[in-house]
Structure formats: C-alpha cells, structure tokens
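One structure is given here, and the rest of the page talks about it.
The values are calculated or read from the model by the stated rules, or taken from the named source; none is laboratory data. Since we're looking at a predicted model, the values are computed, not measured. Neighbour counts run over all protein chains shown; Cβ positions are idealised from the backbone, glycine included.
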Amino acid sequence: MRRLSARLPPRVEQFAFLGLGGNLGDRLSILQRAVDLLDADARTRVDAVSSVYETAPVGGPEQGDFLNLAVRVATRRSPVALLALANAVESALGRVRVERWGPRAVDVDILLYGERVVRLPRLEIPHPRLLERAFALVPLVEVAPGQRLPDGRSLPAALAALAPIEGLTAVGTQVVAGAGGAGTGRARAGGPT
Ligand code: GSY
C-alpha cells in the first residue's frame, strides 16, 4: 500500500474527527468558541457537532468534571497541519500545558482522519487512547456513525466493547457549528501544510 505523507495537503477535502474537552472556566462557552475557531479556518469547515457530555475526569490528579464533545470537519489540511490548527485553537483559548493529564480550558485532539494511520513522534492517528476513552468514543460515534477504524472495525462495535459505560451524562445544551460568535476572528494557525 502507498504510504501518504502526513504533511502533504490532500487533493480533495477529507473528513476528520476531533475530540474537544475542558474542565476550567465557563466550559460550555469555551467549547463553543473552540468550534467557532475551527470553523473560521479557511481550509476547515465544521460539518457536524455531537451532543455535549459531562464526564468524570480520566487520569491525572483530582480535578473537576469535563465537558466533552466531538466534531466532524471537512478539511484541506494535512494531518500535521490539522494538528497545528488544533494547537492554535488550544492556545487561543488559554490552554497552558502545566501538568500532563491535569485540568485544562480546552483540549483539541485529532481522533481520526478518514481511515488514515499516522505515526509521528508528536501525532498519532487514530488517537492512541481513543478505544479506552468513553468520553471521546461516545460523542465520536454520534458524528461518525458509519466511519470505520483503519483496521476495518466499526465505531459502534468499538463502543460496545467499552460497555458498561459510567461517568458520562448527556448535557441538554448544544454547541453549534457556524455560530461564528463575535470576536472569534479566524484561527491563525501557521505551521506546515
Ligand atoms: O485529552 C483529553 C483530556 N482529558 C479528559 C477529557 O477530555 N475528559 C475526561 N473526562 N477526562 C479527561 N482526562 C483527560 S487527560
């Protein structure tokens, strides 16, 4: 099989799936701003947003509950360039990497990029802990029901393997794509394409 460079921009738009979560500040409005910033990127469009889930923290020190969601984006960014955008959104919303696994305003993780496999020192796709994390997998299935993992497994099958699922509650409020709230501007992510 031909290996594609994770740095080369795709010829046609690709669907990628991102997991967003945070447990500091006004969690819901930070998630909405993160979605707006992703959507404001010239090469990326947020195509679908999952429900918002309140989730018990997994790993790390004692900390508050997270809000998590997943988005499907259509993007002309390469996997590496999409990571640059995710990192730019985190920085714009005040993420400071103080403690690994610790509390954060927002984390933007690439969960899947189509059925691509990427193994780079700073980027692994599928996300290496995706299949262990209900807080990522449950919202992902909502926005990627027919999507397969690179090994051919379906996401609902991967989710069933996690059951029973605890520590996760759907929140009755929605984050929307294309809201483009005032002052979000366009995400100015530099970096490789
Ligand atoms: O990379 C995700 C950050 N994170 C989370 C999260 O988003 N949600 C929950 N519930 N626990 C987490 N632990 C980490 S690290």
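Can you list the strands (runs of 3 or more DSSP E) found entirely within the range 1-102 that contain at least 1 residues being more than 13 Å from the ligand (Cβ to nearest atom) and within 22 Å of Asp151 (Cα to Cα)?
Those strands (runs of 3 or more DSSP E) span 14-22, 66-75.
Which of (1) touching a Ser or Thr at 6+ places or on another chain (Cβ under 9 Å); (2) surrounded by 15 or more Cβ atoms within 10 Å (Cβ to Cβ) does Ser5 not meet, given it meets every other one?
Only one criterion is unmet by Ser5, namely (2).
With respect to Gly172, is the statement that it is closer than 22 Å to Asp39 by Cα and at pLDDT below 95 true?
No; evaluated as a whole, the condition is false for this residue.
Could you check His127 against (1) assigned to a loop (DSSP other than H, G, I, E, B); (2) within 11 Å of the chain's Cα centre (by Cα); (3) away from the ligand (no atom under 12 Å from the Cβ) and say which number it fails?
Unmet for His127, out of (1) assigned to a loop (DSSP other than H, G, I, E, B); (2) within 11 Å of the chain's Cα centre (by Cα); (3) away from the ligand (no atom under 12 Å from the Cβ): (3).
Residue under question is Arg133, and the condition is that it be within 16 Å of Tyr53 (Cα to Cα) and in contact (Cβ under 8 Å) with a residue 24 or more places away in the chain; does it hold?
Yes, satisfied.
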